[in-house]
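Peer 1: One structure, as structure tokens, below. Some questions next.
Just so it is clear, none of the values below were taken in a lab; they were calculated from the coordinates. What you are looking at is a predicted structure, and each value in this text was computed from that prediction instead of being measured. Note that each Cβ is placed from the backbone with ideal geometry, even for glycine, and that neighbours are counted across all protein chains shown.
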Amino acid sequence: MNKKEIYEQIQTLMSECIGDINDEKLRKEISNKVSTLVDSQKLFYDYLVVCDERNNKADNIDNNELILDLFYKNDKDCEFAVTNFLTMKHKSRDYVECNKEDM
């Protein structure tokens, strides 16, 4: 699996959360699922999944948004890069966005 495919899998996992309440339980659950996926692929030298109160503030929760950040290093000499995922539920549509600038 390459980076693009991992991003697509993460987007799929996050789309399954649309409509769920953005609470500690949901954030921990999605973090664990994404960590398991990323770890199983051995694509990155190191990584960190952040989906908690640090990046899901009250305003995000009030706007029906779920944010997940994937920090990763391709090798030990690189700095961490980050990819952000955003799930939103609005009256007109539901969607998951991913910044793919680093692909």
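Peer 1: Evaluate the relative contact order of the chain (contact order divided by residue number), counting alpha-carbon pairs under 8 angstrom at least 6 apart; express in whole percent. Please list the in-between numbers first.
Peer 2: Details: 150 pairs, mean separation 27.3, N = 103.
After rounding, I find 27 percent.
Peer 1: Using θ = phi - 60° and the Karplus relation 6.51 cos²θ - 1.76 cosθ + 1.60, list the HN-Hα couplings for the range 62-69 in order, rounded to whole Hz, with x at every Gly or Pro.
Peer 2: Once rounded to whole Hz, the list reads 4, 8, 6, 10, 10, 10, 10, 10.
Peer 1: In degrees between 0 and 90, to the nearest 10, how far off the longest principal axis of the chain does helix 3-15 point, with axes built from Cα atoms?
Peer 2: 20
Peer 1: Within 9 Å, Cβ to Cβ, of Phe85, how many net charges do the neighbouring residues add up to if Lys/Arg are +1 and Asp/Glu are -1? Intermediate values should be presented prior to the final figure.
Peer 2: Numbers: positive: none; negative: Asp69, Glu97.
Around Phe85, the charge tally is -2.
Peer 1: Where does the range 3-98 land on Rg(C-alpha)/(2.2 N^0.38 Å)?
Peer 2: After normalising by residue count via 2.2 N^0.38 Å, the value is 1.07.
Peer 1: Count neighbours as other Cβ atoms within 10 Å of each site's Cβ, and list the GluC sites (Glu not before Pro) in the range 16-63 that are DSSP loop with at most 15 such neighbours.
Peer 2: Values: sites: Glu16, Glu24, Glu29, Glu53; in loops: Glu16, Glu53.
Here the GluC sites (Glu not before Pro) that fit, given the DSSP loop and packing criteria, are Glu16, Glu53.
Peer 1: Could you tally the net charge around Cys51, taking each other residue with its Cβ under 11 Å from the Cβ of Cys51, Lys/Arg +1 and Asp/Glu -1? Please report the intermediate quantities before stating the final value.
Peer 2: Numbers: positive: Arg27, Lys28, Lys33, Arg54; negative: Glu24, Glu29, Asp52, Glu53, Asp69.
Result for the neighbourhood of Cys51: -1.
Peer 1: Could you tell me how far the Cα centroid of the range 3-33 sits from the Cα centroid of the range 49-65, in Å?
Peer 2: Each part reduced to its Cα centre gives a spacing of 13 Å.
Peer 1: Also, quick follow-up: Taking the 0 to 90 degree range and rounding to the nearest ten, how far is the long axis of helix 24-41 tilted relative to the main principal axis of the chain, both from C-alpha atoms?
Peer 2: In the chain, helix 24-41 runs at an angle near 30 degrees to the longest axis.
Peer 1: Oh, and also: Ignoring everything except DSSP H segments at least 4 long, calculate the 222 nm mean residue ellipticity for the chain; use -39,500 (n - 2.57) per segment, divide by total residues, nearest 500.
Peer 2: Result for the chain, helices only: -11000 deg cm²/dmol.
Peer 1: Pick out which of Cys51, Cys17, Cys78 has the largest mean-square fluctuation in a Gaussian network model of the chain, springs linking Cα atoms closer than 10 Å.
Peer 2: Checking each option, the largest mean-square fluctuation is seen for Cys78.
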